[in-house]
Amino acid sequence: MIPRFKPSLGWGELIAAFRFSRKDDVQRFEQAFAKKMQQRHAIAFPYGRTGLMLLLEAMGLKGREIICPAYTCVVVPHAIVFSGNEPVFIDCNEGDFNMDIDKASKTITDKTGAIIATSIFGYPADLDKLSEIRQMFPHIKIIQDCAHSFAAEWKGCPVHKAGDAAIFGLNISKIITSIFGGMVTTDNDELAVRLKNLRDERLKPATFMKSLRRLFYLLSVYLAFWEPIYSYVNRLERSGLLNKFVTYYDENVIDMPSDYLKMMSNVEARVGLVQLEKYDNIIRKRKEVALTWRKKLNRIKDIVLPPDVKGATYSHFVCLVKDRDAMLEEYMKKGVQLGTLIDYSIPYMKAYVKWKKGEYPISLEYSHSTVNFPVIRKAMKSYG
Ligand SMILES: *Cc1c(COP(=O)(O)O)cnc(C)c1O
């Protein structure tokens, strides 16, 4: 069976994970990451959300309104709330998965501290509109959430460079991975120093136990995604037995993982270093596969293809469908697992209704009509 996503992990990462630790593993990963992204600084965190939380603090934002998409990963508003700020949710553009920046612009008040412009699923955020906001409100910080948008470009400009800072997620489901982990990049020297100091002050060093746990997690990932095993894992997942392990949010609570304040481990940094070397190759392949899906799915009625945006890098190839469950079943029979990545609109979640202002019809619609196709070459073959 073709899984809904598959980390591009090979022998290189495995060997790197088992190498002896060096004191500067994390630092080397940060330097290589900054170089790849062509940014002056990259600062590593145990999770992307930890990075976002401390970034808001390093920007001096507290008790402020932070504008973010209604249709994004729920860990984003979690980080906003944990940083002592309040989320202001914005619906999507019509026919696009990204936040409607014109709407965002209209919700700006004296309390607004930052805008988190996300390039969801790897579709670049509209940088022209963001730059208009920047000119009108130069004091408002712009944070690029690039957890999905490694290498995504708007008219040739990488989205991560078009703000005060960018955050990246590096968990196992992202385009490149360091097992868990996240990065914040910036060209602002002062902000980088503040953020780094804040991190070193707040985060506890990764213990040997954490490294060991990450190593075991990595091994179990290799095993779970091994073809003969995967369909078994999938059956367990579907039966609900694995719910405890695969569900990453509870709609009633705003929380963080128990180890969100423990530094990235050396094991993770070494895996991340190997992944960075494969970065260009991974992105190129994903674009190819997305293009092929576009051609194949074009012929099928009842599937609305995602916008064909130049500069998109397809962390996910997401379509709109009428009957999602039927579609999942149909593809499962063909041996292709489809995903339903963001199956919620955040302001409608119990934990967030107190920040719900009005309705968010487009994101609500997406929450039950989007499916993502595996951006995996093999999926094309088995689909025929
Ligand atoms: C994955 C992700 C993040 C960061 O997630 P962590 O698990 O905290 O590393 C942030 N934003 C979006 C949109 C994501 O998908």
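Each reported figure results from applying straightforward, stated rules to the coordinates on display, with no laboratory input. All values reported here derive from a predicted model rather than from experimental measurement. When we count neighbours, we look across all protein chains shown, and the Cβ atoms used for this are built from the backbone with ideal geometry, even at glycine.
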- Overall dimensions of segment 1-139 by Cα: Rg and Dmax, Å: 18.1, 53
- Message: Nearest 500 deg cm²/dmol is fine: what mean residue ellipticity at 222 nm does the chain get from its DSSP H runs of n ≥ 4 alone, each adding -39,500 (n - 2.57), divided by its residue count?
- Response: -13000 deg cm²/dmol
- Item | Residues D110, D24 arranged by fewest to most Cβ contacts within 10 Å | D110, D24
- Item | Rounded Å value of the spacing that divides the Cα centres of segment 111-171 and segment 55-105 | 12
- Task: Compute the distance in nm between two label points, each set 7 Å from the Cα along the Cα-to-Cβ direction, one at R22 and one at E330.
- Result: 5.3
- Task: Determine ³J(HN,Hα), in whole Hz, for all residues of segment 43-54 in sequence, where each value follows from phi through the Karplus function 6.51 cos²θ - 1.76 cosθ + 1.60 and θ = phi - 60°; x replaces Gly and Pro.
- Result: 10, 8, 9, x, 9, x, 5, 5, x, 5, 4, 6
- Query: According to a simple spin-label model (label point 7 Å from Cα along Cα-to-Cβ), what is the distance in nm between S211 and H139?
  - Reply: 4.7
- Gap separating the Cα centres of segment 249-287 and segment 312-384, nearest whole Å: 21
- Query: Which pairs, out of K6/K174; K6/K155; K155/K378; K295/K333; K129/K295, put more than 19 Å between their alpha-carbon atoms?
  - Reply: K6/K155; K155/K378; K295/K333; K129/K295
- Could you pull out which residues in segment 251-288 have an amide N less than 14 Å from a spot 7 Å beyond the Cα of K354, following the Cα-Cβ vector? 252-255
- Item | Karplus-derived 3J(HN,Hα), 6.51/-1.76/1.60, for each residue of segment 351-365, Hz, glycine and proline x | 5, 10, 4, 5, 9, 7, 10, x, 10, 9, x, 6, 5, 5, 4
- Query: When only DSSP loop residues count, what chymotrypsin sites (Phe, Trp or Tyr not before Pro) in segment 236-330 have their Cβ near at most 14 other Cβ atoms within 10 Å?
  - Reply: Y248
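Percentage of Cα-Cα pair distances in the chain greater than 29 Å, rounded to whole percent?
Values: 29438 of 73536 pairs.
Beyond 29 Å sits 40 percent of the P(r) for the chain.
Around L320, under 15 Å between beta carbons, what's the net of Lys plus Arg minus Asp minus Glu among the other residues?
With Lys, Arg at +1 and Asp, Glu at -1, the neighbours total -4.
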- For the pair N197 and K301, how long in nm is the line joining their label points, each one 7 Å along Cα→Cβ? 6.5
- Item | In Hz, Karplus ³J(HN,Hα) per residue of segment 325-338 (6.51, -1.76, 1.60; θ = phi - 60°; x = Gly, Pro) | 4, 4, 5, 4, 4, 4, 6, 4, 5, 7, x, 10, 8, 9
- Note on the structure: Rounded to the nearest 0.05, FRET efficiency between D280 and C157 (Cβ-Cβ, R0 22 Å) equals 0.80
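Placing unit charges on C-beta atoms (Lys and Arg positive, Asp and Glu negative, everything else neutral), compute the dipole magnitude of the chain about its Cα centre in debye, rounded to 20.
Computed about the Cα centre, the dipole is about 1200 debye.
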